[in-house]
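The next block holds one structure in the form of C-alpha cells; read it before the comments.
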Amino acid sequence: MALYLKQRYGKTALVAGASEGLGAAFAEYLAAEDLDLVLIARRLQPLHQLADRLKEKYKVDVTCISCDLGDQNSTKKIKAVLTDRSVNILVYNAAISYIGPFLENPPENHNHAARVNMITPLNMVHYFGNKMLARNKGAIILMTSMAGMQGSGYLSVYAATKAFLRILAESLWFEWRKSGVDIIGCCAGATSTPGYINSDPAETGFFTPRVIPPEKVVKLCFHNLGKRPSFITGRGNIIASVIMHRLMPKKMAVNIMGKTTRKMYRL
Ligand SMILES: NC(=O)c1ccc[n+]([C@@H]2O[C@H](COP(=O)([O-])OP(=O)(O)OC[C@H]3O[C@@H](n4cnc5c(N)ncnc54)[C@H](OP(=O)(O)O)[C@@H]3O)[C@@H](O)[C@H]2O)c1
C-alpha cells in the first residue's frame, strides 16, 4: 500500500478543517503518503504548527489558508489562493454543530452552520470535482455523521446537514463511478477529537457511543474509498445502525437518538 494514494490520484491533497482532530489526522495520513498539502481552517496558528511538524517529518510541501468556510465567498477565496494548482484529493472535514433546542439559536447561527457543513462543501465538490473529472482521476471524502442517519433532536441542523452530505456523496458516487473519480461519505460515530471531548458528553448507559480514535477513522476512510458510496465507522456503530435503521420503526430510532442526546448533554 506504500504511496498508493499518490500513484492513484496525484500529488496534492486539500483538507478543509485541518487544524485539529480528524482534519489533522487526515493531514498526517496524507503527508505520510508523500502528498503535498493544502490545509484550511480559521485559526492559522495551529495550522502552521501542524504544517511545520509535517514538513519536518515527511518532507512534503504544505500551504496553509486561513478561511471561514461559513463565508459566502470562501470557495472563491480558496480558488484565488490556489490559482490553477491541481487538487487531487479533497477531504471536507470542517463542521459546526450547535447542541440544544432548535429555537434557542438564532437563525443566523443555523445559517452559518448550514454554509460550513453543506453549502461550502457543495461548492468545493462542484469546483474540484469538475477538474478531477476532466483528468479522469481524483478522490473526495465528505465527513458526515451517524447523527445524519435519522432525525436527531437537539442536533437538528447539524444532523440535517450531515444527511445532506451523505446523500450528496452517495449520489455522486453513482454518477462518477466509471470516471476514475472516487467519492465517499464517512458516517463517523463518536471520535476522540478535541471537539468531541470538549463537548463533555455524559455517560448514557447502553446507548453511550463507543469512542474511537481519529487515526482509525481516517484509515477506514481510505480503506473504503473507491469501494462503496458511504460507510459507517466501527463495528459498534454498524451494529447500532442495523438495529436502529433496519429493525426498528423510524419513530423508535428518532426517540432513542433524541433521548440519548438529551442525556449526554444534560439538556
Ligand atoms: N468527533 C466526533 O465524534 C465526530 C462524530 C461524527 C462526525 N464527525 C465529523 O467529523 C468532522 C471533524 O470532527 P472533529 O470532531 O475533528 O471536529 P473539530 O474538532 O470541531 O474540528 C473541526 C475542524 O474544522 C475547522 N473549522 C470549524 N469551523 C470552521 C469554519 N467555519 N471555517 C473553517 N474551518 C472550520 C476547525 O478549525 P478552526 O476552529 O481553526 O476553524 C477544525 O480544524 C466533522 O465534519 C464532524 O461532523 C465527528
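Derivation of every value follows stated rules applied to the coordinates shown; laboratory data play no part. All of these numbers come straight from a predicted model, not from anything done at the bench. Ideal geometry is used to build each Cβ from the backbone, glycine not excepted, and the neighbour counts take in all protein chains shown.
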Quick one: which of 171-181, 122-132 comes out on top by average Cβ neighbours within 10 Å, and what's the full order, highest first? 122-132, 171-181
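Please compute the net charge surrounding Lys55, taking Lys and Arg as +1 and Asp and Glu as -1 over other residues with Cβ under 13 Å from its Cβ. Before the final figure, lay out each step's value.
Working: positive: Arg53, Lys57, Lys59; negative: Glu28, Asp34, Asp36, Asp52, Glu56, Asp61.
Once all neighbours under 13 Å are counted, the net charge is -3.
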Hydrodynamic radius by Kirkwood for region 7-264, inverse mean 1/r across distinct Cα pairs, in Å, is 18.6 Å
Rounded to the nearest 500, what is the chain's calculated 222 nm mean residue ellipticity when only DSSP H runs of at least 4 contribute -39500 (n - 2.57) each, over all residues? -14500 deg cm²/dmol
Only Cα pairs within less than 10 Å get springs; with that Gaussian network setup on the chain, which residue of Ser145, Ser156, Ser86 has the largest fluctuation? Ser86
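By DSSP, what percent of the beta bridges with both residues in the chain are antiparallel, rounded to the nearest 5? Please report the intermediate quantities before stating the final value.
Working: 0 of 30 bridges.
The antiparallel proportion sits near 0 percent.
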In which sequence would Leu168, Leu142, Leu35 go, from the one with the fewest C-beta neighbours within 10 Å to the one with the most? Leu168, Leu35, Leu142
Would you mind checking the pairs Lys59/Lys216; Lys79/Lys162; Lys77/Lys259; Lys55/Lys219; Lys79/Lys219 and listing those with alpha carbons more than 30 angstrom apart? Lys77/Lys259
Any idea how far the Cα center of region 94-116 sits from the one of region 185-222, in Å? 20 Å
Amide H of Ser230 versus every other amide H placed in the peptide plane: which residues, excluding those fewer than 5 positions away on the same chain, fall under 5 Å? Gly185
Sequence-distant residues sharing a close amide H with Tyr265 (under 5 Å, placed H): Ala202
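Could you tell me the relative contact order of the chain? Use alpha-carbon pairs under 8 Å, at least six residues apart, and round to a whole percent.
Working: 484 pairs, mean separation 47.0, N = 267.
This gives 18 percent for the chain.
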J(HN,Hα) series, region 140-151, from Karplus relation 6.51 cos²θ - 1.76 cosθ + 1.60, nearest Hz, glycine and proline x: 9, 10, 10, 7, 10, 7, 4, 4, x, 8, 6, x
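May I ask you to sort Ile40, Ile78 by Cβ crowding, counting other Cβ atoms within 10 Å and putting the fewest first?
Details: Ile40 27, Ile78 22.
Placing the least packed residue first, the sequence is Ile78, Ile40.
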Amide proton proximity set for Ala41, modelled H, under 5 Å, gap of 5+: Gly17, Ala18, Ile65, Cys67
In whole Hz, with x marking every Gly and Pro, tabulate ³J(HN,Hα) for region 108-120 from phi via Karplus 6.51 cos²θ - 1.76 cosθ + 1.60, θ = phi - 60°. 4, 5, 5, 5, 4, 4, 5, 6, 5, 8, 9, 6, 5
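Please arrange Leu103, Leu267 by counting, for each residue, the other beta carbons lying within 10 Å of its beta carbon, fewest first. Please report the intermediate quantities before stating the final value.
Working: Leu103 8, Leu267 13.
Least to most surrounded, the residues fall as Leu103, Leu267.
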Hey, what angle do you get for helix 44-58 against the long axis of the chain, alpha-carbon based, 0 to 90 degrees rounded to 10? 60 degrees
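Find out how many positive minus negative residues lie around Trp173, taking Lys and Arg as positive, Asp and Glu as negative, among other residues whose Cβ is under 12 Å from that of Trp173.
Details: positive: Arg166, Arg177, Lys178, Lys227, Arg228; negative: Glu170, Glu175, Asp182.
Around Trp173, the charge tally is +2.
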Which ³J(HN,Hα) values, rounded to whole Hz and listed in residue order, are derived for region 197-203 from phi using the Karplus coefficients 6.51, -1.76 and 1.60 in 6.51 cos²θ - 1.76 cosθ + 1.60 with θ = phi - 60°, glycine and proline given as x? 5, 5, 6, 6, x, 8, 5
